[in-house]
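Bear in mind these aren't lab numbers, they're just calculated from the coordinates by the rules spelled out. Being a predicted model, the structure only gives us computed values, none of them experimental. Cβ sites come from the backbone with ideal geometry, for glycine too, and all protein chains shown count toward neighbours.
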Amino acid sequence: MARAATSVRDALDSALIPLTAAGCENPRLDAEVLLAAAMGVDRPWLIVNSREGVPGPAARVFMDFVRRRREREPVAYITGIKGFRHIDLAVDRRVLIPRPETEFVVEAALKLPQGARVIDVGTGSGAIALALKHERPDLDVVATDVSADALDVARHNALRLGLRVGFVQTDLWGDLEADAIVSNPPYVEAGERLMPDVALFEPHGALFAGADGLDVIRRLVSAPVRFLALEHGQGQADPIEALLRGAGFTTVDRIRDLAGIERVTVAHR
Ligand code: SAM
Ligand code: GLN
């Protein structure tokens, strides 16, 4: 007789102790996202069908996913997908995993006039450029990155999503001309200790920017554009506002993230 399959509930419970012991912050959520991916269902289905059996092949995939998560590999690299605003992006270790706070950069750019030319500097997975094009098809969006690997991922996402965005491998904005720049540049201080998930798996070229984390932003503020929306770290809003005013931006607004911390600065001139 065939052995009774593990139930959804038992599979989730069995992952809690190892994931908690590994120091994962949200072991229950991680287990649910990983089991849903292994089974090809969504999380609400798991909650409603907790007594259902997990088919053998899916159970084995789930065990492998949990093993990877115990090594602190981020959930999005394991599933290969990350939701950002209204789109899903394919992600792997060549790109930073898009963060919720970066959605505010897109939101700020929704106010741009019809047909404006926008550059997403340091596009990574293509998150900002593609979400913006998705919500504002009238905008002329080009995305840059120094990393050819990142641009491969971003181009793949543009094709998957059927979005027309230009991609250019260059430092900052290169010789492109635009009305606006939007960016989540590297802004972490050299030597800052990051969570193992980030430090061990995400590309360091996407994170670190010199002793005070402002090396890239100091160069970005000299861009010849009328509008600049930048993500940055906690405590960087004051020096960035000074840099922007020094570069001739006359209006500077700060946007707080979901935790109430100033994380995006928007400047006009
Ligand atoms: N925009 C993506 C997001 O928000 O998920 C990725 C942001 S990641 C923090 C920064 C990105 O900038 C990385 O993909 C990195 O390769 C790129 N980058 C770093 N220095 C750069 C430079 N000088 N010019 C262009 N891109 C750069
Ligand atoms: N928010 C990221 C982190 O602290 C940093 C992203 C960045 O440097 N742009 O892990």
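Within region 197-252, can you find the residues that are under 18 Å from the mean Cα position of the chain (by Cα), of a type outside the set (S, T, N, Q) and more than 16 Å from Val182 (Cα to Cα)?
Within region 197-252, Asp197, Val198, Ala199, Leu200, Phe201, Glu202, Pro203, His204, Gly205, Leu207, Phe208, Ala209 qualify.
If we only count strands (runs of 3 or more DSSP E) wholly inside region 154-269, which ones have 3 or more residues that are in contact (Cβ under 8 Å) with a residue 24 or more places away in the chain, within 14 Å of ligand 2 (Cβ to nearest atom) and loosely packed, with under 14 Cβ neighbours inside 10 Å? Lay out the reasoning, then the answer.
Numbers: elements: 166-169, 180-183, 227-231, 251-256, 262-268.
Fully inside region 154-269 and qualifying: nothing.
Which count do you get for residues in region 234-269 that are over 21 Å from Ala223 (Cα atoms), of a type outside the set (A, V, I, L, M) and touching a helix residue (DSSP H, G or I) at 6+ places or on another chain (Cβ under 9 Å)?
3
Going by the conditions given, is Val118 part of a helix (DSSP H, G or I), touching a residue at least 60 places away in the same chain (Cβ under 8 Å), more than 7 Å from ligand 1 (Cβ to nearest atom) and closer than 16 Å to Ala154 by Cβ? Don't jump to the end; show me each part of the working.
On the way: part of a helix (DSSP H, G or I): no; touching a residue at least 60 places away in the same chain (Cβ under 8 Å): yes; more than 7 Å from ligand 1 (Cβ to nearest atom): yes; closer than 16 Å to Ala154 by Cβ: yes.
So Val118 does not fit the description; no.
Does region 60-77 hold any residues that are more than 23 Å from the chain's Cα centre (by Cα) and crowded, with 19+ Cβ neighbours inside 10 Å, and which are they? Walk me through it before giving the result.
To start, the set of residues in region 60-77 that are more than 23 Å from the chain's Cα centre (by Cα) comprises 60-64, 67.
If the condition is that a residue be more than 23 Å from the chain's Cα centre (by Cα) and crowded, with 19+ Cβ neighbours inside 10 Å, then Phe62 is the only one that fits.
What is the residue count in region 128-144 for residues that are under 11 Å from Val165 (Cβ atoms) and outside any strand (DSSP E or B)?
Selection size over region 128-144: 9.
Part of a loop (DSSP other than H, G, I, E, B) and touching a residue at least 24 places away in the same chain (Cβ under 8 Å) - does that describe any residue in region 26-45?
So the first thing to find is which residues in region 26-45 are part of a loop (DSSP other than H, G, I, E, B), and the list is 26, 40-42.
Still in the list and also touching a residue at least 24 places away in the same chain (Cβ under 8 Å): none.
Checking region 26-45: not a single residue is part of a loop (DSSP other than H, G, I, E, B) and touching a residue at least 24 places away in the same chain (Cβ under 8 Å).
Output yes when any residue across region 73-91 is free of Cβ contacts under 8 Å to residues at least 60 places away in the same chain, touching a Leu at 6+ places or on another chain (Cβ under 6 Å) and within 26 Å of Thr123 (Cα to Cα), and no when none is. So that I can check it myself, show each step before the final result.
At the first step, the residues of region 73-91 found to be free of Cβ contacts under 8 Å to residues at least 60 places away in the same chain are 75-76, 78-86, 88.
Those left that are additionally touching a Leu at 6+ places or on another chain (Cβ under 6 Å): 82.
Narrowing the set further to residues that are within 26 Å of Thr123 (Cα to Cα) leaves 82.
Among the residues of region 73-91, at least one is free of Cβ contacts under 8 Å to residues at least 60 places away in the same chain, touching a Leu at 6+ places or on another chain (Cβ under 6 Å) and within 26 Å of Thr123 (Cα to Cα), which makes the answer yes.
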